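The values are calculated or read from the model by the stated rules, or taken from the named source; none is laboratory data. A quick note: this is a predicted structure, and the numbers were derived from the prediction, not measured. Here the Cβ is made from the backbone with ideal geometry for all residues, glycine too, and neighbour counts use every protein chain on show. With ligands, DNA and RNA removed, areas are computed over all heavy atoms of the protein, side chains included. Shrake-Rupley method; radii C 1.70, N 1.55, O 1.52, S 1.80 Å.
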Amino acid sequence: MAVTQRRGRRIMMTPEERDEFLTVERTCRVATVSPDGAPHVSTLWFVWDGTSLWLYSITRSKRWSDLRQDQRIAVVVDTGVGYDELRGVELSGTVEFVGESPRRGEPCPELDAPEREFARKLFGLDAMPHDGRHAWIRLTPDAITSWDFRKLATL
């Protein structure tokens, strides 16, 4: 299970707040490490199932190539404009590749729930459209850090 946050406890989200935040937000920033050690950050849509973050990545991307070499990843989901509105979650750990690559829609019970939620949340559809260019990455985080600066007003 994820490491407990030590710093910023007064502004961290409760597990319920974090789950709601990750369920509602759509966009995350994904950090990977290239074989030469260079960092790479890119943006993706995602779904959260309460335990894992599911990323649907193009298989011919630098992100995909980096993760095939080194499965370590850090992901940030955040929102807010003014300082007192900033909220976010950072998740880090090692990814797993789930299903065929690229995904063409072969039966994979492990993907039923994330694909249904992804299609609903991001496309407004009942079923996942497959383009033969993307595949699934699952991050079950080793560490989760969150912040909600709106809580500063109550301190």
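Using heavy atoms of the protein chains and a probe of 1.4 Å, the accessible area assigned to Glu16 is about 130 Å². Taking amide H as placed 1.01 Å from N in the peptide plane, the amide H of Gly93 sits under 5 Å from that of Ile73, Asp142, each at least 5 places away or on another chain. Think of the chain as a dipole: +1 on every Lys or Arg Cβ, -1 on every Asp or Glu Cβ, centred on the Cα centre; then among Val95, Ala31, Phe46, Ala31 lies furthest on the positive end. The candidates Thr140, Thr43, arranged from most to least accessible area with a 1.4 Å probe in the full protein assembly, appear as Thr43, Thr140. For the set Arg104, Arg68, Arg87, Arg138, the ranking by accessible area, highest first and with no ligand, DNA or RNA atoms included, is Arg104, Arg68, Arg87, Arg138 under a 1.4 Å probe. In the chain, helices alone account for a calculated mean residue ellipticity at 222 nm of -4500 deg cm²/dmol, with every DSSP H run of four or more residues adding -39,500 (n - 2.57).
Accessible area per residue was computed with a 1.4 Å probe on protein heavy atoms; Trp45 scores about 90 Å². Once the Cα atoms are used to define both axes, helix 15-24 deviates from the longest principal axis of the chain by about 50 degrees.
Here's how it looks for Asp49: its modeled amide H is under 5 Å from those of Trp54, which are all 5 or more places away or on a different chain.
For segment 33-43, backbone phi angles converted through the Karplus equation (6.51, -1.76, 1.60; θ = phi - 60°) give residue-by-residue couplings of 10, 6, x, 8, x, 6, x, 9, 10, 9, 10 Hz, Gly and Pro being listed as x. Geometric descriptor of segment 17-155, per residue, is 117 Å³ (volume of the convex hull of the Cα atoms).
For the chain, the solvent-accessible area of protein heavy atoms averages 57 Å² per residue (probe radius 1.4 Å; ligands and nucleic acids excluded).
Accessible surface of segment 92-155, 1.4 Å probe: 51 percent of it comes from carbon and sulfur atoms.
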